[in-house]
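> Would you mind keeping the following structure in view while I ask a few things?
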Amino acid sequence: MTDFTDALGAAAALVFGLDASLTEIVMLSLRVSLSAVAIAALIGLPTGALLALYRFRGRFFLVVSMNALMGLPPVVVGLIVYLLLSRAGPFGVFGLLFTPAAMIIAQVLLVTPIIAALTRQVIEDLWIEYEEQMRSLGAGPSRAMPALLWDGRFTLITAILAGFGRASAEVGAVMIVGGNIDHVTRVMTTSIALEVSKGNLALALGLGIILLVLSAGINGAAYIIQHRTKRWHA
Amino acid sequence: MNEPSPAPSILPLELDGVCFEAGGTRLIKDISWRFEADRRTVVIGPNGAGKSLFLRLCHGLIKPSRGSVRWHGVEAAAPDESPANAGAWAARHQAMVFQRPVMLRRSVTANVDYALKLHHIPRAKRAETIERVLHETGLKRLAHLPARVLSIGEQQKLALARAWALKPQVLFLDEPTASLDPSATHGVEEIIEAIHNQGTRIIMTTHDLGQARRMADEVLFINRGRILESAPAKQFFEAPQNDLAQAFVRGELLWWNKGQDNRKHQPGDPTEGKPE
């Protein structure tokens, strides 16, 4: 129990003391995960919508593999990105390994399948409801797509949040491609892992609590926004 | 809406030997028919008769398995087909209102605006049209509400306003009042009447005989995928020729005739299609 009390104390001291290195770690975590989610949304929303609206050869295979990729182990993604970005790898010339950019790339790979798979489901359901009316008005799938994404916005926010949850919580991928370098690629999850291995459980738990609060805060805010507007739009 | 439509007429609409099959079952059986301009046609028949399919075939939402649909002699295209297609010009002058109104998750005004945008109406002209149709359908005070919080009756009026804004030459309505109470039904019928009075050809389905009496100039009686009788409304309701139509007009249930739709051919039999 003392660990927990110590942890709470450590967390409080860190947060209310506006500890500089903690702020740096938190800001980097947010920067990496939010960028990754933004990019994943830019890729995943249209991809999911295309898979929902068009029938083509190989669609079944794509849908199934996308659903399977939702559960991709972060360490495996980390390893793949590591191999691609390492000096000897195909993208080695860019020198991205052990930079925040590499961490963003790895998280994009983790999050895109989640957003795309959930988007496909949402848009497919909406299209069932809208198809005849939309086509009657002259909008086939391609012209209707922006309206469908807009009308699915409340559910799609949930998909994007699920993506953010995965990105901000994973440690395997960012650890491998980022390397947990102090002041450069150290984020909350990797510092927690580090502090635990150093035996500094109180600090680790403190960081964990901050991570939880951040995540709960973002989800709570999104839920409130979503709930207010959704009731309005039935 | 009072100015005459500058576009040339897309009518007559001709169906020639139209069949529609789904999953190996023939649901529409060899229908030939010609819709002339300037009247209200009401398609009646029991549930599952093929009324809705018939309307969708006319509008181009589904393609016939066999036979052809032509607007003013030009092979019909689906309403969402590219404008390059020869049949697309006719599709632009049609609109359809469905049994259950489909409203986008945006305001009443924005729902009409979206339809106008899809029809490439310039932004400057849209506001005036929206104002007018919302006024005519009595929805003006609801203009800024999200469409989906309206009652079903109001939503159906909005669906009519949206269709009206497009100034269609032909308006298809698939059981537009099936889920409405009498007062909402009355409101919807008045709007349909107003749209018709401004020169729009009405083709609607219903299984409400009272509504058919009130709305129809011409009646098509469909059962089990065939037109069994067609006549001017007065004549149809006073003296239906087909025995099934007689039973239907008397309000009898038509379940007993399963599989026997061919047993009696009346003058003006469906399969010949009877242009007027």
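The values are calculated or read from the model by the stated rules, or taken from the named source; none is laboratory data. In this text the structure is predicted, and so the values were computed from the model without any measurement. Don't worry about glycine lacking a Cβ; one is built from the backbone with ideal geometry, like all the others, and counts go over all protein chains shown. Surface areas here come from the heavy atoms of the whole protein model, side chains and all, with no ligands, DNA or RNA. Shrake-Rupley method; radii C 1.70, N 1.55, O 1.52, S 1.80 Å.
> From the list B:Ala115, B:Ala110, B:Ala95, B:Ala90, exactly one residue is touching a residue at least 60 places away in the same chain (Cβ under 8 Å), part of a helix (DSSP H, G or I) and crowded, with 16+ Cβ neighbours inside 10 Å. Which is it?
Unique residue meeting the criteria: B:Ala90.
> Can I ask one more? Residues being within 20 Å of the chain's Cα centre (by Cα), at the interface with another protein chain (Cβ under 9 Å from one of its Cβ atoms) and surrounded by fewer than 20 Cβ atoms within 10 Å (Cβ to Cβ): count how many of those fall in segment A:125-158. Explain how you work it out, then say what you get.
Of the residues in segment A:125-158, the ones within 20 Å of the chain's Cα centre (by Cα) are A:149, A:152-158.
Those left that are additionally at the interface with another protein chain (Cβ under 9 Å from one of its Cβ atoms): A:152-154.
Next cut, surrounded by fewer than 20 Cβ atoms within 10 Å (Cβ to Cβ) only: A:153-154.
Going through segment A:125-158 one residue at a time, the tally reaches 2.
> I've got another one for you. Would you mind stating whether B:Glu131 is acidic (Asp, Glu) and either under 29 Å from B:Val43 (Cα atoms) or open to solvent by less than 50 Å² (accessible area, probe 1.4 Å) (or both)?
On the way: acidic (Asp, Glu): yes; either under 29 Å from B:Val43 (Cα atoms) or open to solvent by less than 50 Å² (accessible area, probe 1.4 Å) (or both): no.
No, not satisfied.
> Every residue in segment B:105-114 that is modelled with pLDDT under 95 and facing chain A (nearest Cβ under 9 Å), please.
Passing the criteria: B:Arg105, B:Arg106.
> Restricting attention to segment A:62-103, report how many residues are open to solvent by 30 Å² or more (accessible area, probe 1.4 Å) and β-branched (Val, Ile, Thr).
6
> To continue, here is another question. If you scan segment B:16-52, which residues turn out to be aliphatic (A, V, I, L, M) and in contact (Cβ under 8 Å) with a residue 60 or more places away in the chain?
Taking segment B:16-52 and keeping what is aliphatic (A, V, I, L, M), we get B:18, B:22, B:27-28, B:31, B:37, B:42-44, B:49.
If the condition is that a residue be aliphatic (A, V, I, L, M) and in contact (Cβ under 8 Å) with a residue 60 or more places away in the chain, then B:Leu27, B:Ile28, B:Ile31, B:Ala37, B:Val42, B:Val43, B:Ile44, B:Ala49 are the ones that fit.
> Tell me, please, whether a residue that is out of contact with any helix residue (DSSP H, G or I) (no Cβ under 9 Å at 6 or more places or on another chain) and in contact (Cβ under 8 Å) with a residue 40 or more places away in the chain can be found in segment A:144-157.
no
> Considering only residues that are of a type in the set (Val, Ile, Thr) and open to solvent by 70 Å² or more (accessible area, probe 1.4 Å), which ones fall in segment A:1-23? Even if it seems obvious, please write down each step before you answer.
The initial filter retains those residues of segment A:1-23 that are of a type in the set (Val, Ile, Thr), namely A:2, A:5, A:15, A:23.
If the condition is that a residue be of a type in the set (Val, Ile, Thr) and open to solvent by 70 Å² or more (accessible area, probe 1.4 Å), then A:Thr2, A:Thr5 are the ones that fit.
> For A:Thr99, only one of the following conditions fails: (1) in contact with a strand residue (DSSP E or B) (Cβ under 8 Å, 6 or more places away or on another chain); (2) more than 30 Å from B:Ala161 (Cα to Cα); (3) not hydrophobic (A, V, I, L, M, F, W, C). What is its number?
Among (1) in contact with a strand residue (DSSP E or B) (Cβ under 8 Å, 6 or more places away or on another chain); (2) more than 30 Å from B:Ala161 (Cα to Cα); (3) not hydrophobic (A, V, I, L, M, F, W, C), the lone unmet condition for A:Thr99 is (1).
Rundown of residues vs (1) within 22 Å of the chain's Cα centre (by Cα); (2) among the small types (Gly, Ala, Ser); (3) within 14 Å of chain A (Cβ to nearest Cβ), yes/no style:
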position: B:Glu128; (1), (2), (3): no, no, no
position: B:Glu136; (1), (2), (3): yes, no, no
position: B:Lys140; (1), (2), (3): no, no, no
position: B:Leu145; (1), (2), (3): no, no, yes
position: B:Ala163; (1), (2), (3): yes, yes, yes
position: B:Leu171; (1), (2), (3): yes, no, yes
position: B:Asp181; (1), (2), (3): yes, no, no
position: B:Thr185; (1), (2), (3): yes, no, no
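> Looking for something of a type in the set (Ser, Thr, Tyr), under 30 Å from A:Ile209 (Cα atoms) and in a helix (DSSP H, G or I) - is there at least one such residue anywhere in segment A:145-167?
First, pick out the residues of segment A:145-167 that are of a type in the set (Ser, Thr, Tyr): A:155, A:158.
The next check asks that each one be under 30 Å from A:Ile209 (Cα atoms); those that pass are A:155, A:158.
From what is left, the residues that are in a helix (DSSP H, G or I) are A:155, A:158.
Yes, the conditions are met somewhere in segment A:145-167.
> Oh, and also: Given the structure, is A:Ser191 open to solvent by less than 40 Å² (accessible area, probe 1.4 Å), away from every other protein chain (no Cβ under 14 Å) and polar (S, T, N, Q)? Walk me through it before giving the result.
Details: open to solvent by less than 40 Å² (accessible area, probe 1.4 Å): yes; away from every other protein chain (no Cβ under 14 Å): yes; polar (S, T, N, Q): yes.
Yes, satisfied.
> Still on this structure: What is the one condition in (1) open to solvent by 40 Å² or more (accessible area, probe 1.4 Å); (2) within 14 Å of chain B (Cβ to nearest Cβ); (3) of a type outside the set (Gly, Ala, Ser); (4) under 19 Å from the mean Cα position of the chain (by Cα) that A:Val122 does not satisfy?
Evaluating A:Val122 over (1) open to solvent by 40 Å² or more (accessible area, probe 1.4 Å); (2) within 14 Å of chain B (Cβ to nearest Cβ); (3) of a type outside the set (Gly, Ala, Ser); (4) under 19 Å from the mean Cα position of the chain (by Cα) leaves (1) as the failure.
> Shifting gears a bit: Looking only at segment B:73-96, count every residue that is at the interface with another protein chain (Cβ under 9 Å from one of its Cβ atoms) and under 17 Å from the mean Cα position of the chain (by Cα) and tell me the total.
7
> What do you reckon, is A:Ala117 away from chain B (no Cβ under 14 Å) and assigned to a helix (DSSP H, G or I)?
Details: away from chain B (no Cβ under 14 Å): yes; assigned to a helix (DSSP H, G or I): yes.
When the stated conditions are applied, A:Ala117 passes them.
> Taking the residues in segment B:222-253 that are among the charged types (D, E, K, R) and touching a strand residue (DSSP E or B) at 6+ places or on another chain (Cβ under 6 Å) as candidates, determine which candidate is least open to solvent (accessible area, probe 1.4 Å). Write out each step before concluding.
Going residue by residue through segment B:222-253, those that are among the charged types (D, E, K, R) are B:224, B:226, B:229, B:234, B:238, B:243, B:250, B:252.
Now narrow it down to the ones that are touching a strand residue (DSSP E or B) at 6+ places or on another chain (Cβ under 6 Å): B:226, B:229.
Values: B:Arg226: 35, B:Glu229: 12 Å².
Of everything passing the filter in segment B:222-253, B:Glu229 is least open to solvent (accessible area, probe 1.4 Å).
> So, in segment A:36-77, of the ones that are closer than 27 Å to A:Ala193 by Cβ and not in a helix (DSSP H, G or I), which residue ends up modelled with the highest pLDDT?
It comes out as A:Pro73.
> Give me the pairs, please: first residue somewhere in segment B:136-148 and in contact (Cβ under 8 Å) with a residue 12 or more places away in the chain, second residue anywhere and open to solvent by 80 Å² or more (accessible area, probe 1.4 Å) and part of a helix (DSSP H, G or I), beta-carbon distance under 7 Å, and either six or more positions apart or on two chains.
The qualifying pairs are B:Pro146/A:Trp232.
> Follow-up. Filter segment B:50-62 down to residues that are outside any helix (DSSP H, G or I) and in contact with a helix residue (DSSP H, G or I) (Cβ under 8 Å, 6 or more places away or on another chain) and give me whichever is nearest to B:Gly23 (Cα to Cα).
At the first step, the residues of segment B:50-62 found to be outside any helix (DSSP H, G or I) are B:50, B:60-62.
Next cut, in contact with a helix residue (DSSP H, G or I) (Cβ under 8 Å, 6 or more places away or on another chain) only: B:60-62.
Details: B:Gly60: 20, B:Leu61: 18, B:Ile62: 14 Å.
Per the criteria, the residue is B:Ile62.
> Which ones in segment B:29-72 are open to solvent by 50 Å² or more (accessible area, probe 1.4 Å), away from chain A (no Cβ under 14 Å) and more than 15 Å from the chain's Cα centre (by Cα)?
Passing the criteria: B:Asp30, B:Asn47, B:Gly48, B:Ser65, B:Arg66, B:Arg70, B:His72.
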